[in-house]
1. Can you pull out the residues in segment 60-86 that are β-branched (Val, Ile, Thr) and under 13 Å from the mean Cα position of the chain (by Cα)?
2. Filter segment 136-191 for residues that are of a type in the set (Val, Ile, Thr), over 24 Å from residue 124 (Cβ atoms) and free of Cβ contacts under 8 Å to residues at least 12 places away in the same chain and give the result.
3. Considering only segment 173-192, I want to know if a residue exists there that is modelled with pLDDT of 90 or more and out of contact with any His (no Cβ under 8 Å at 6 or more places or on another chain).
Amino acid sequence: MYLILLEWLNSMSVNENTNDLNGLDPSHLLNRAESKDDSLLLESLASRVGDFIKYWGFKRVHGQIWVHLFLTKEPLDAGELIRRLGVSKALISMSLSDLLSYDVILRAGKSSYGTQLYVANEEIVKVVVNVLMQRERKLILQTQAAQSSLDSLSPKAKATMKVDQERLDALGEMTRVAETLLDGVVRLGAVDCAPLRTLGKVGLRAVL
């Protein structure tokens, strides 16, 4: 009797599911499938940008967040980004703080629910220059400090470690050249990038 009851319940479940499917418009199912496929393309683009931005020392999720904010005309809050990316609230919160610190994204007021909204910074040149100033310069200065500390050792100590003085001097010169190049890039971005910013915004409006 128990087995017969299980078989009956199973058949009822199958019939109900079948009836539910029969009641759906086939075109609706197709639209849902196409919508899912389309969203995969957005996810793919966000992932590729995430992979690229890792070379700048950011995390993949930083690039994914930026792409979603950049491609939408409406500001997004943390909850929407969590839904889109499928990541934890803690990761989104930490990543948003990182991006805000470099002005990669900007705050855009509050939503009707009182949540903080964010937009991507469209001033791409400004973003790059800001990252260079805050992070790359810091790395160069740290390298210079480490080189100077090693150079301050006695010749005997350097010889014990088999450190060649000429090569150490060359390394110091390399860091100074890198600092000079960085200063040049920063000045270029600060002095005459208005046409590039305007062109970028015009192109963005045309695409979106």
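The values are calculated or read from the model by the stated rules, or taken from the named source; none is laboratory data. Source: prediction; values computed, not measured. Positions of Cβ are backbone-derived with ideal geometry, glycine not excepted, and every protein chain shown enters the neighbour counts.
1. 61, 65, 67
2. 160, 177
3. Within segment 173-192 (the criterion being modelled with pLDDT of 90 or more and out of contact with any His (no Cβ under 8 Å at 6 or more places or on another chain)), the answer is yes, since at least one residue qualifies.
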